């Protein structure tokens, strides 16, 4: 008998039929003798509907009151899921974040969980209940309703699993696990049986939007066994996210190929190579609330250097304007050039830490296909390159093959 | 400076525009130096939408979980109303039933309020806040969410007014007060400046659905000054519902003419006049969950009597079937006759207690128009007659005139 926390996202509870399917899955786990805590999101579309309603009243809704409004989405779902469980003859009981005192700080709309009072949950589980908890929400010390920000239900699931020392936290979503790369791009892409937290973080931030990054960090911190599964399929073990690297890295050097074509690159050429120049370039960009991803500065030649970075494609024009109008003359740069038709492709794997030659293999593979590399950036377990957008699919496919990701038993 | 509780019903907060209108009205009261607590219902249609959703999961939704689901309707409204107030530059703060601990019993979907912790409200009011409270909901001792049943927001408003010893509880709805009769029927109908609680109870139960009866009883018990007003009109004092009869009854003997054409009458003729016969007739009707309104039994002639009562028109066929198939033979009655084409017309007024001749004036007025009276039933402050449905409008009009209800200064 295990204690399992199951978290279901918005599409998994998006209709009465989907909610009934969730109840049937829970019933199956109960039939195997497991104790189950269910954490749910709002039905898909509901949170956006409530935010739109709020914005008709206040273009910038008051954060405390916005949390009062949007936390109702999950509250509706817990009632409906409990009803579906009761209808199947199971014992079930729902709790809002406030009712089990998921205590958070008072940062409305982006609160952080401080503690959970798991006594009621434990008592209900001991009495044979399935406990259904509203994700995404909590209360602060004064009893004000708070929410955890987008994707916060994942964090609730992990936090409850940590508080209960659950055997596993299962995250049900509309994909059945983490893949070596996007199967829509590479039909040979394979579901990973396991992936490490660090790899998951790199994969997620690179665009494999399976799990909210914060919940992965949280799971790592509290050593919660996380598993990503599909709520749309009856069978399948999903992907287990582990915090132990065990002996897996001996076999698989690379876990996956991530990619992103939402970025644009900007290069400031002929920048005087002196202290403070990076801040002078990126400060105004950051002040305009433009997020910057990759940043590259090479060693200088003849006292000047080239400074490159990437931004989201939607903010390319804005960033270019700032650099040309506010920055270029001020710092005495020769030129500001940009290109929005780029893609970022990354190989990710904890195994590369102990293996040389990953980078050269990646670069050689791309060179053999005539794909020019425009930018390179590396971390401990990731190598990212920026290439011409039109070669992205090709690059992902050849790298997937070159690193044997289409082979069984990763 | 007064402390005023304002309760707004579903149509009064039915859209962002209506919510903004509520905020402007509150702002006007604040500008006059008053302290204001706002109690709100769910946006019109929302509670039904949530119930329908629940019924797709469970045809008979679990009461505890149903309350979790439907209480979200009011929670959304308090957030939105607070935002609208903040947008006007006022200070505002919302509370769910649980947050100010509107303590109820555990009768889910029809809970009764036991107490209210008004400390937070008082502190917020003292700080200049408008306090916005979710109507219709509370929590039981264990922290479970409860709801008060349909129209329960009126009760919340009155209960908070009682707890705060507010100067007045204003009930905003889509009519601008209580009328001498329905203005759609009698254009000369006039809005009453005041009405007593007892009259209001008789008027409400007779079909003038302005206020939930329970909230009127509650207001009477705690001596809360209730005022019915329209949220759709800028001006107007509405109708004040008083628990003192003061000297008003010296002037107005009759306050209004109520009517109802949703009923049908059933007569059991030739019933043996012996103990227990009323129960033998109405027991099976009641067992079938059919509500009975007027009940009349006249003195007997030759050892048998006629027994009449009225039921809702929708249940007429069902009740007739029960009486003909189960009751008639069993009790040895001669005949079961029924008529669904009837109407009930009532004159209501505390003044009639000290005035003779009201009944005879009523009967003479109807007789002069050739309207036959089929049944009569009286209480301390009400006389009701059952007549042929086709004469209902005529009867209401002539009675309205006969009792001078179209005159100024009631």
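The values are calculated or read from the model by the stated rules, or taken from the named source; none is laboratory data. All figures in this text were calculated on a predicted structure; none of them were measured in a lab. Cβ atoms come from the backbone with ideal geometry, glycine included; neighbour counts cover every protein chain shown.
Residue under question is residue A:16, and the condition is that it be within 14 Å of chain B (Cβ to nearest Cβ), buried (at least 24 other Cβ atoms within 10 Å of the Cβ) and more than 25 Å from the chain's Cα centre (by Cα); does it hold?
For residue A:16, the condition - within 14 Å of chain B (Cβ to nearest Cβ), buried (at least 24 other Cβ atoms within 10 Å of the Cβ) and more than 25 Å from the chain's Cα centre (by Cα) - is not met.
Restricting to the range A:158-173, and then to whatever is in a loop (DSSP other than H, G, I, E, B) and in contact with a strand residue (DSSP E or B) (Cβ under 6 Å, 6 or more places away or on another chain), can you tell me which residue is surrounded by the most Cβ atoms within 10 Å (Cβ to Cβ)?
Step by step, filter the range A:158-173, then rank; the result is A:166.
I'd like the residue in the range A:207-229 that is touching a strand residue (DSSP E or B) at 6+ places or on another chain (Cβ under 7 Å) and farther than 18 Å from residue A:166 by Cβ and, out of all such residues, is modelled with the highest pLDDT.
Checked the range A:207-229; the qualifying residue modelled with the highest pLDDT is A:210.
Looking at the range A:351-360, is at least one residue crowded, with 17+ Cβ neighbours inside 10 Å, in contact with a helix residue (DSSP H, G or I) (Cβ under 8 Å, 6 or more places away or on another chain) and modelled with pLDDT of 90 or more?
No; the residues of the range A:351-360 include none that is crowded, with 17+ Cβ neighbours inside 10 Å, in contact with a helix residue (DSSP H, G or I) (Cβ under 8 Å, 6 or more places away or on another chain) and modelled with pLDDT of 90 or more.
For the range B:71-109, enumerate the residues that are at the interface with chain A (Cβ under 8 Å from one of its Cβ atoms), in contact with a strand residue (DSSP E or B) (Cβ under 8 Å, 6 or more places away or on another chain) and either surrounded by fewer than 19 Cβ atoms within 10 Å (Cβ to Cβ) or closer than 14 Å to residue B:153 by Cβ (or both).
Within the range B:71-109, B:71, B:75, B:78, B:96 qualify.
Considering each of B:180, B:146, B:155 in turn, give the residue that is within 14 Å of chain A (Cβ to nearest Cβ) and either touching a residue at least 40 places away in the same chain (Cβ under 8 Å) or surrounded by fewer than 20 Cβ atoms within 10 Å (Cβ to Cβ) (or both).
After applying the criteria, what remains is B:146.
Answer yes if at least one residue in the range B:102-122 is under 26 Å from residue B:165 (Cα atoms), under 24 Å from the mean Cα position of the chain (by Cα) and free of Cβ contacts under 8 Å to residues at least 12 places away in the same chain, and no otherwise.
yes
Regarding residue A:26, is this residue modelled with pLDDT of 95 or more, crowded, with 17+ Cβ neighbours inside 10 Å and part of a helix (DSSP H, G or I)?
Yes.
Test of understanding: among B:128, B:138, which residue is closer than 22 Å to residue B:21 by Cα and more than 12 Å from every other protein chain (Cβ to nearest Cβ)?
B:128
Condition (residue is away from chain A (no Cβ under 14 Å) and farther than 18 Å from residue B:221 by Cα) applied to the range B:165-173: is it met by at least one residue?
yes
Restricting to the range A:377-410, count the residues that are touching a residue at least 40 places away in the same chain (Cβ under 8 Å), within 16 Å of residue A:185 (Cα to Cα) and not in a loop (DSSP other than H, G, I, E, B).
Of the residues in that region, 12 qualify.
Has the range B:43-60 got at least one residue that is surrounded by 24 or more Cβ atoms within 10 Å (Cβ to Cβ) and within 20 Å of residue A:67 (Cα to Cα)?
No: zero hits.
Any residue that is under 21 Å from residue A:154 (Cβ atoms), touching a strand residue (DSSP E or B) at 6+ places or on another chain (Cβ under 9 Å) and not in a helix (DSSP H, G or I) - is there at least one of those in the range A:245-255?
yes
Scan the range A:31-47 and report the pairs whose first residue is farther than 22 Å from residue A:120 by Cβ and whose second residue is modelled with pLDDT of 95 or more and surrounded by fewer than 23 Cβ atoms within 10 Å (Cβ to Cβ), with Cβ atoms within less than 6 Å and a gap of 6+ or a chain change.
A:43/A:14; A:44/A:14
Residues that are in contact with a strand residue (DSSP E or B) (Cβ under 8 Å, 6 or more places away or on another chain): list the helices (runs of 4 or more DSSP H) wholly contained in the range A:263-367 that include at least 3 such residues.
Counting at least 3 such residues, we get A:277-287, A:316-322.
For the range A:51-65, name all the residues that are within 7 Å of another protein chain (Cβ to nearest Cβ) and in contact (Cβ under 8 Å) with a residue 12 or more places away in the chain.
Within the range A:51-65, A:53, A:54 meet the criteria.
What residue, of A:366, A:399, A:405, is over 29 Å from residue A:269 (Cβ atoms), touching a helix residue (DSSP H, G or I) at 6+ places or on another chain (Cβ under 7 Å) and modelled with pLDDT of 90 or more?
A:399
For residue B:204, which of the numbered conditions (1) under 29 Å from residue B:383 (Cβ atoms); (2) modelled with pLDDT of 85 or more; (3) within 16 Å of the chain's Cα centre (by Cα) fails to hold?
(2)
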